[in-house]
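Single-structure report; data block below.
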Amino acid sequence: MTAGDDAPPPDMRRRGALIGLGAAALAGAGGFAFLRQSGAATVPRLGMPPLLDVRETRKIALRAQTGRTRFGAGRPSMTAGFNQSYLGPTIILPRGEVATDLRNALDEDVTVHWHGLLVPGEVDGGPHFPIAAGARRRGVLPVAQEPMTAWYHSHVHGATARHVYAGLAGIIHLVDGRDDERGLPSRYGIDDLTLILQDRRLDAEGRMVYDLTPTDILNGFHGNRIFVNGQIGATAAVPAGIVRLRILNASNARTYTLMFPDGRPLHLIATDAGYLPAPRDIRSLRIASGERAEVLVDFSDGAGGRMISGRGQIDILDFAVDPALAVRIDHLPDRIAPDLPPVGEVDGPTRRFALNTGGGAVSGGSAGHQGHQGHQGHGQALVATTGETASGSSHDLHDFAINGRVYDPARTDFDIARGTTERWVISGGAGGEHPFHVHGVHFRVTDEAGGMVRPENSGWKDTVLVAGQTEIVVRFDHPAPPDYPFMYHCHILEHEDAGMMGQFTVS
Ligand code: C2O
Ligand code: CU
Ligand code: CU
């Protein structure tokens, strides 16, 4: 990512000056870091989002703002971000109470949802918390959970897809300072890399556009270029040792199946909501919109590699070993965390959720027009369109629903008694795969399509890709009053905005 009107994120500039490649030489240009492979053309070096370390200050100050951002060699795009022109800073978050100070410099509502944080409904930042244009809101997050990679993003009903696409998202490292004891890499941007994966659609001049056709709503919006941390075609420089990748899928809809074609294993160490007891070797990692995963990759052979996504063999990111980067971790840890507790005893009802897309299976209610307004109505100002969006389309957006009910902010779908453990059975039917996310909880996956639970779903989760039918067991410990219910929804953002969402209270 290069900034148009705004300066490049300072962290990117700073680290650019530090690296020196042996076989590959550094050539800085305009504050940017480039890697020059011997004899070959230079390629941009992957930068990390700037840090917002709140371990001392205990205060998260974020300002939603518009910007102009140049992606690769393209012309500047209209974008939005937190504290910068595209995406937001990486928040290093400690446990305990942390104050939030959120400002909205956009000319429309925004929210800041803390995806993965177990906080009460009043501070969850979902669609019931719009911060008006020009407004400022303060709050306190009581953080009392295990280390994990979480994230934050805007969640204004009917506008979530457009907001996240424009750039209103960022990552959170919730830390406890014990990663050295665990034997895990922890040097930001050196052996602990943050990878925010997104696909975006660029027009012929390299400008990011968001034209939503009925097909894009049906399948979710898929782009024609892959961004990592808002950058195109960058190469990550890594030490010749064990490298940790914190991967966030912040795409609107795309699911990735990440792998190295050389067969190099990924050692899975964390799912959405925390560490696994020990690394699990996998050859490929499926990660859907909203999910996070942490893996260790061994680069001690000194050879770089190319990470691809299996479906369609899309190139995701190249890695180049920089011998000048000190190796701190040279072997895999045996043990990271205590064993996962057994899945809790279900003492509440079993609920069934059918995710409905198209096909006329759903009658739809009067609330069904909200998604439609969000998609095609007000406020296209954050991201450009080419004007080719099919307007007045006949596709029936009423068809996006859960159990036949289109999301209605005024309707509470059910109430749960605090402390209850429930089994939820989620089915996607023939309508494809849907990442199902629940606010305010972490859950365990107990069954996937009648079979084994994939390694990616073997730990604590808050989002799970449903293909066919998936069962989860979830305990509701955090309160959500009627004015501030928790959401459950498909994390394909176009589906969510069109009404594949519901809400519940916990009291
Ligand atoms: Cu990541 Cu309800 O969202
Ligand atoms: Cu969430
Ligand atoms: Cu969906």
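The values are calculated or read from the model by the stated rules, or taken from the named source; none is laboratory data. Everything numeric in this text was worked out from a predicted model, so none of it was measured. Cβ atoms come from the backbone with ideal geometry, glycine included; neighbour counts cover every protein chain shown. The accessibility values were calculated without ligands, DNA or RNA, using every heavy atom of the protein model including side chains. Shrake-Rupley method; radii C 1.70, N 1.55, O 1.52, S 1.80 Å.
What are the residues in the range 435-465 that are touching a residue at least 60 places away in the same chain (Cβ under 8 Å) and more than 16 Å from ligand 2 (Cβ to nearest atom), if any?
Scanning the range 435-465 gives Arg444, Thr446, Arg454, Pro455, Glu456, Asn457, Ser458, Gly459.
Being acidic (Asp, Glu) and more than 16 Å from ligand 1 (Cβ to nearest atom) is the filter; apply it to the range 444-478 and report the residue that is farthest from Gly348 (Cα to Cα).
The qualifying residue farthest from Gly348 (Cα to Cα) is Glu456.
Of all residues in the range 475-503 being assigned to a strand (DSSP E or B) and more than 20 Å from His434 (Cα to Cα), which is nearest to ligand 2 (Cβ to nearest atom)?
Among them, the one singled out is Ala480.
Looking at the range 267-296 only, could you name the residues that are out of contact with any Asp or Glu (no Cβ under 8 Å at 6 or more places or on another chain), part of a strand (DSSP E or B) and surrounded by 19 or more Cβ atoms within 10 Å (Cβ to Cβ)?
Leu276, Pro279, Glu294, Val295, Leu296
Give the residue that is farthest from Pro127 (Cα to Cα), with candidates limited to residues of the range 428-465 that are of a type in the set (A, V, I, L, M) and open to solvent by less than 30 Å² (accessible area, probe 1.4 Å).
Going through the qualifying residues, I end up with Val445.
Might you let me know whether the range 222-240 holds any residue that is under 30 Å from Ala337 (Cβ atoms) and open to solvent by 10 Å² or more (accessible area, probe 1.4 Å)?
Looking for residues that are under 30 Å from Ala337 (Cβ atoms) and open to solvent by 10 Å² or more (accessible area, probe 1.4 Å), one finds at least one in the range 222-240, hence yes.
Could you count how many residues in the range 471-483 are within 28 Å of Ile217 (Cβ to Cβ) and touching a residue at least 60 places away in the same chain (Cβ under 8 Å)?
0
Kindly state which strands (runs of 3 or more DSSP E) lie completely within the range 1-87 and contain at least 2 residues that are open to solvent by less than 70 Å² (accessible area, probe 1.4 Å), at negative phi and modelled with pLDDT of 95 or more.
Qualifying strands (runs of 3 or more DSSP E): 51-53, 59-70, 77-82.
Would you be able to say whether some residue in the range 466-484 is among the basic types (Lys, Arg) and open to solvent by 30 Å² or more (accessible area, probe 1.4 Å)?
Within the range 466-484, one or more residues are among the basic types (Lys, Arg) and open to solvent by 30 Å² or more (accessible area, probe 1.4 Å).
Of all the strands (runs of 3 or more DSSP E) wholly in the range 92-200, which have at least 3 residues that are crowded, with 17+ Cβ neighbours inside 10 Å and within 13 Å of the chain's Cα centre (by Cα)?
Filter on the range 92-200 gives 113-115, 148-153, 169-174.
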